[in-house]
Amino acid sequence: MPLKPIRSKADLAINGAPPAFDQPLHVGRPNIGDREAFLGRVGRILDNQWLTNNGPMVQEFEHRIAEYLGVKHCVAMCNGTIALEIAIRALGLTGEVIVPSWTFVATAHSLYWQGITPVFADIDPATHNLDPDAVRRMITPRTTGIIGVHLWGRAAPIDALQAIADEHGLKLMFDAAHAFGSTYHGQSIGRFGKCEVFSFHATKAFNTFEGGAVTTDDDELAETMRLMRNFGFKGYDNVIHPGTNGKMIEVCAAMGLANLDVFDDIVAANTRNHETYREALAGTPGVSLLEYAQTERNSHHYVVLEIDEGCPATRDEIIAALHAENILARKYFWPGSHMMQPYRDLFPHAGLMLGNTGHVAECVIILPTGTAVSPAAVESICAIVRTLASGLA
Ligand code: T4K
């Protein structure tokens, strides 16, 4: 469908015009790499009759990911949430663990699910990542660890968090669900803290359908997590550790291997789209695009807009207008984990310490990108946002 010209508010779907897109434009439309390469691998899996449990595809996947990230161990898992749970348990975290509220709720849930209290610390509004001073304020005698999140693929303030962890004898790990392919001071995310946890969910820049991994340079930790993801089995009939079923299946590893070969193309498409968004929205009143440091790598998988009082339309009005155009923009991670259950009931006053989180949650819009979104589509989305922000009748 040719993209409709947007000259004034009369051209908007909320005002009765046809929508800009006849099919929904999702945030998180999966990147599908080389179909032939993937299907060829699936054929080999069927020939092998080895479908799961540390099969050859998973072993190759772990080897390739560890090599790509420059880390000693990659322990592949069935998804990022189970990977978080296993990493938390393998590190022996108990009591209270400090996390941001401004993240996908899985970060907090993976603690709560195993009887650990997530304690929410506020963020730096400029980066959306944990504010180290806020982390310090939340430490109590029950605190055993900190989980930093590299939100939107931007590294958390790793050095400052490590210094706090060292000073207070806490364990530091990272939720790197957004940060595959990102760097911190030029070094790949994947080997900071005690370990880092990736998600390879379908909606991520790099996906394995469902999947996740923990990466670490620590041999003993990696060995413990390998046991834990397979019920604690060490060989037939020999269970030597408590465990669960966290295994990645062969088909997921095959998807990962096929996608790894085209990951640079995915990043290039995202970077091109991000650049188009930046240029097309420059100077739009009350609308700013969250920028990432040019000196670091970032998959640019998340296009984050912030709407402030200078914009004549509210954030929610813009979202509603975009949805009418079939552009399914999101409010990730509104209203913040502390406002979701069970945390909302458990910690009704948490928001008092989370001023920046509350503010950011009210102003973000996440826009579609990825290989399924063309620069022309981005231009069209931006024309709609500009029109909404123009104050024209
Ligand atoms: N930590 C952080 C910081 C995370 O962001 C996440 C996951 C995790 C931990 C946990 O990792 P996993 O256990 O998930 O591996 C999504 C994803 O479910 C979640 O993986 C992701 N973060 C989060 C940011 O976003 P939803 O509820 O928005 O996803 P969903 O499935 O509704 O998909 C969003 C849109 O994408 C859909 O409306 C349509 C489109 N879509 C989705 C799928 C699955 C497709 O077009 N095709 C698809 O196959 O949470």
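The values are calculated or read from the model by the stated rules, or taken from the named source; none is laboratory data. Since we're looking at a predicted model, the values are computed, not measured. Quick reminder, even Gly has a Cβ in these numbers, built from the backbone with ideal geometry, and neighbours come from all protein chains shown. Only protein heavy atoms, including side chains, enter the accessible area calculation; ligands, DNA and RNA are left aside. Shrake-Rupley method; radii C 1.70, N 1.55, O 1.52, S 1.80 Å.
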Quick check: the angle from helix 80-90's long axis to the longest principal axis of the chain, C-alpha only, nearest 10 degrees? 40
Return the distance in nm (one decimal) between the two label points of a simple spin-label model at ALA372 and GLU167, each offset 7 Å from Cα along Cα→Cβ. 4.5
Among PRO141, PRO125, PRO100, which one shows the highest mean-square fluctuation when the chain is modelled as a Gaussian network with alpha-carbon springs under 10 Å? PRO141
Would you mind classifying segment 93-143 by shape? Square roots of the alpha carbon gyration tensor eigenvalues, ordered a ≥ b ≥ c; an a/c under 1.5 is rounded, otherwise it is prolate if a/b is larger than b/c and oblate if not. oblate
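Shape call for segment 5-144 from the C-alpha gyration tensor, a ≥ b ≥ c root eigenvalues: rounded (a/c under 1.5), prolate (a/b greater than b/c) or oblate?
Since a/c reaches 1.5 but b/c is at least a/b, the shape of segment 5-144 is classed as oblate.
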Enumerate the calculated ³J(HN,Hα) couplings along segment 290-303 in order (Karplus 6.51 cos²θ - 1.76 cosθ + 1.60, θ = phi - 60°), each rounded to whole Hz, writing x wherever the residue is Gly or Pro. 5, 9, 10, 4, 5, 7, 10, 7, 8, 6, 6, 7, 10, 9
Please list 3J(HN,Hα) in residue order for segment 328-343, calculated via the Karplus relation 6.51 cos²θ - 1.76 cosθ + 1.60 where θ = phi - 60°; whole Hz, with x for glycine and proline. 8, 4, 10, 10, 2, 10, 4, x, x, 4, 5, 9, 9, 7, x, 5
Between ALA10 and THR94, how many nm apart are label points set 7 Å from Cα along the C-beta direction? 7.1
Hydrodynamic radius (Kirkwood) for segment 48-87, which is based on Cα pairs only, to one decimal in Å: 11.1
Provide the FRET efficiency to the nearest 0.05 for the ALA268-ALA320 pair, computing r from the beta carbons and using R0 = 35 Å. 0.60
DSSP bridge pairs, the chain: antiparallel proportion in percent, nearest 5: 55
TYR112 and LEU46 label points (each 7 Å along its Cα→Cβ direction) are spaced in nm at 4.3
Rounded to the nearest 10 degrees, what's the angle between the helix 250-261 long axis and the longest principal axis of the chain, both from Cα atoms, 0 to 90? 60
How much accessible area per residue does segment 1-141 have, in Å², with a 1.4 Å probe? 48
According to the square roots a ≥ b ≥ c of the eigenvalues of the Cα gyration tensor, what is the shape class of segment 231-386, taking rounded for a/c under 1.5, prolate for a/b larger than b/c otherwise, and oblate for the remainder? oblate
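Restricting everything to alpha-carbon atoms, can you work out Rg to Rh for the chain with a Kirkwood hydrodynamic radius?
0.99
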Per DSSP, loop trypsin sites (Lys or Arg not before Pro) in segment 1-71 with at most 16 further Cβ within 10 Å: ARG7
Roll a 1.4 angstrom probe over the protein heavy atoms and tell me the percent of accessible area of the chain that is carbon or sulfur. 55
For the chain, the count of lysine pairs 8 or more apart or interchain whose alpha-carbon atoms are under 26 Å apart comes to 15
So what's the back-of-envelope 222 nm ellipticity for the chain, counting only DSSP H runs of four-plus at -39500 (n - 2.57) apiece and dividing by all residues, rounded to 500? -11000 deg cm²/dmol
Among GluC sites (Glu not before Pro) in segment 250-336, those in a DSSP loop whose Cβ has at most 13 other Cβ atoms within 10 Å are GLU291, GLU309
Measure nothing but the geometry: give the 0 to 90° angle between the long axis through the Cα atoms of 263-281 and the longest principal axis through the Cα atoms of the chain, rounded to 10°. 30
What chymotrypsin sites (Phe, Trp or Tyr not before Pro) does segment 179-261 have in DSSP loop regions with at most 11 other beta carbons within 10 Å? TYR236
Averaging sequence separations of C-alpha pairs under 8 Å and six or more residues apart, then dividing by the length of the chain, give the relative contact order as a whole percent. 24
To the nearest 20 debye, the chain has a Cα-centred charge dipole, built from +1 on Lys and Arg Cβ and -1 on Asp and Glu Cβ, of 520
GNM result for the chain, Cα springs below 10 Å: residue of ASP217, ASP124, ASP237 fluctuating most strongly: ASP237
Quick one: compute the contact order of segment 193-344, relative version, from alpha carbon pairs under 8 angstrom and 6+ residues apart, as a percent. 14
If you bin every alpha carbon distance in segment 221-287 into 5 Å steps from zero, what whole percent lands in each bin? 4, 14, 12, 11, 10, 9, 9, 8, 8, 7, 4, 3, 1, 0
For segment 124-239: relative contact order, % (alpha-carbon pairs under 8 angstrom, 6 or more apart): 17
GNM of the chain, Cα pairs under 10 angstrom: of GLY232, GLY16, GLY95, the biggest fluctuation goes to GLY16
